[in-house]
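Heads up: the structure comes next, in structure tokens.
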Amino acid sequence: MHTRREGGTERHRAMKFTDSPVIELQVGNTRLSLQQDNGSMHVGTSVWPCSLVLVKFLDRWARPHGPDRPNNPYADLLDFRGKRAVELGAGCGAAGMGLYLLGLADIVLTDIAPVMPALRHNLKRNKPVLHKTLKTSVLYWNNSDQIKSLNPPFDIVVAADVVYIEESVRHLVEAMAALVKSDGLVLLGYQLRSPEADKLFWELCEEVFVKEKVRHEDLHPEYAYEEADVFILRKKKDKDGEDEL
């Protein structure tokens, strides 16, 4: 995630999920404990609701808890066995840690350098329940060398609440396209933060991805916030079957 905040501190207050310094998140049989700092200069040190909505949607349907149930529409899509993943704008690490607990064992959590202390603190805080320290990497979306150093492409790109600054949107979409496999997917937790960023983001996505909006009734009933959505993005193919970008 980026450091610029439109409207400064007031905008940060409007975006935050709760004032509580610690957020508890149940994933399967495990409880994550996420420490946040709403007073920081960086929005990535707060826990945003879209990350919780995304994790709990996956907790409802993904392996190892969901696919053996009858009539699971996401059984194949969310089979994480043997998959590689990268998270963009990991922040406090809620989505990345949640996905790891749901079977996505090979995942790297990325964010900008100033957010890394908060991310690493939460990974250390939750090491007793994760039983390992997850991989992290500094990533600025417009830095091609940092993108290449992650060794793409990935089966899954994860992002939650990362569209709020118009100037960063093009870099975000280009990074997603560069990181995901041609037959991979982007799991996106989304909430409208800026009309300008929202408009540009979906215009650019239309050039590269096919989007599927998860039905609201398929979200976890306790985390089905009216303003938050989950999207699944897949790369478009041209008439020869090649990636559009």
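The values are calculated or read from the model by the stated rules, or taken from the named source; none is laboratory data. All of these numbers come straight from a predicted model, not from anything done at the bench. Side chains included, ligands, DNA and RNA excluded: accessible areas come from the protein's heavy atoms. Shrake-Rupley method; radii C 1.70, N 1.55, O 1.52, S 1.80 Å.
With a 1.4 Å probe and every protein chain kept in, tell me what percent of the accessible surface of the stretch 160-210 is carbon plus sulfur. That fraction is 50 percent. The spacing between the stretch 169-227 and the stretch 127-154, judged by their C-alpha centroids, is 20 Å. Using a cut-off of 25 Å between alpha-carbon atoms, which lysines can reach Lys135, once sequence neighbours fewer than 8 places away in the same chain are excluded? Within reach: Lys56, Lys83, Lys124, Lys127, Lys148, Lys181.
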